[in-house]
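The values are calculated or read from the model by the stated rules, or taken from the named source; none is laboratory data. None of these values were measured; they are calculated from a predicted model. Cβ: placed from backbone, ideal geometry, glycine included. Neighbour counts: every protein chain shown. All accessible areas refer to the heavy atoms of the entire protein, side chains included, with ligands and DNA or RNA removed. Shrake-Rupley method; radii C 1.70, N 1.55, O 1.52, S 1.80 Å.
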Amino acid sequence: KWVSEKTVVVSNKPITKDCYQLVLKSPKISSLGEPGQFINILMAQEEMGFSTDPLLPRPLSIYDLDKEQGYASVVYRVVGKGTKLLSQLRSTDKLKIMGPLGKGFKYRWDEQKNLLLVAGGIGVFPLFLLAQSLQNQGHHVKLLAGLKNKEELPLIKPFIDLGITTEISTDDGSYNYQGTVIDLLKLDLLDNQYDFCYTCGREEMMKTVNNLMVPRDISVQVSLEKTMACGVGACLGCTCKTNLKQVCTDGPVFSGNEVFI
Ligand code: FES
């Protein structure tokens, strides 16, 4: 169940050099959205002051929901023309969006679980609402995150503020452990066992996470990033090579074994 609507920008602020948090007033999406789902931001709207280029909608995973205020927010990295335009939005600007789209994470458990989140870089974004939901249910949640350098620490701060146990690796060693998040995970698994793992990041990274978990009997859910256009299963532009499913409607969250084995 999703809606298509015109929303108003509440705020659009940088949280690192090139990542922005966009907060939108959308009572419908904030009440319907689930962790792991996404919003399609339609960029080619003349009335928004954008030209008809770039045409593709921007699918962005839901970062946070404030059901009381009716706010939905996404975090994005400025990587090209479309996201550059997004970064220029100011509060009170209007934006057409569709959402919440796709199938999100499995996150309701009957009994208390020991849960692991593994994020590569901006892969932390879809995991934030999930972390909050799991934490609220009383589970033990740990986050392993791989960053480029310490300048990216603001991406992780909201997790730390939530009280999530967090370990960070940086490519350049400027903070905490020097190495990749996979190196960090291998070390962590020497001492810890988990009931379930959630991961988001580059596909190679998620595949390795899944391969490390399979022999330990830990099921993994992965959030796939694919170029998407329509976001609702109509254009067939987002077919997953392994299982031939549409990432936008059957995913973006899949079980690791379904995608990687
Ligand atoms: Fe069109 Fe998935 S984006 S079918």
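Of the trypsin sites (Lys or Arg not before Pro) found in the range 83-167, those that fall in a DSSP loop while having at most 13 other beta-carbon atoms within 10 Å are ARG90, ARG108, LYS148.
With the charge dipole of the chain set up from +1 on Lys and Arg Cβ and -1 on Asp and Glu Cβ about the Cα centre, the Cα lying farthest toward the positive end among the listed residues ILE62, GLY237, LEU224 is that of GLY237.
For ASP195, neighbours were defined as the other residues whose beta-carbon sits under 15 Å from its Cβ, and their charges (Lys and Arg +1, Asp and Glu -1) total +1. Restricting the count to DSSP beta bridges whose residues both fall in the chain, what percent are antiparallel, rounded to a multiple of 5? Roughly 55 percent of the DSSP beta bridges within the chain come out antiparallel. Taking each DSSP H run with n ≥ 4 as -39500 (n - 2.57) and averaging over every residue of the chain yields -6000 deg cm²/dmol at 222 nm.
Taking a 20 Å limit on the Cα-Cα distance, which of the listed pairs LYS1/LYS67; LYS17/LYS148; LYS13/LYS226; LYS113/LYS150; LYS28/LYS103; LYS103/LYS142 fall beyond it? Display every interim value, and only then the final one.
Working: LYS1/LYS67 17 Å; LYS17/LYS148 13 Å; LYS13/LYS226 25 Å; LYS113/LYS150 31 Å; LYS28/LYS103 17 Å; LYS103/LYS142 23 Å.
Exceeds cut-off: LYS13/LYS226; LYS113/LYS150; LYS103/LYS142.
A straight Cα-to-Cα reach below 15 Å connects LYS157 with the aspartates and glutamates ASP64, GLU167, residues fewer than 8 places away in its own chain not being considered.
A DSSP coil position with no more than 11 other Cβ atoms inside 10 Å describes the following trypsin sites (Lys or Arg not before Pro) in the range 201-261: LYS241. Normalised per residue, the accessible area of the chain is 46 Å², obtained with a 1.4 Å probe and no contribution from ligands, DNA or RNA.
Ignoring ligands, DNA and RNA, what percent of the 1.4 Å accessible area of the range 3-101 is carbon and sulfur? It is 52 percent, rounded to a whole number.
Converting phi to 3J(HN,Hα) with the Karplus coefficients 6.51, -1.76 and 1.60 and the offset θ = phi - 60°, the range 139-153 yields 7, 8, 10, 10, 10, 10, 10, x, 10, 6, 7, 5, 4, 8, 4 Hz in sequence order, with x at every glycine or proline. Considering only DSSP beta bridges whose two residues both sit in the range 163-261, what percent are antiparallel, to the nearest 5? Of the beta bridges lying entirely in the range 163-261, close to 35 percent run antiparallel.
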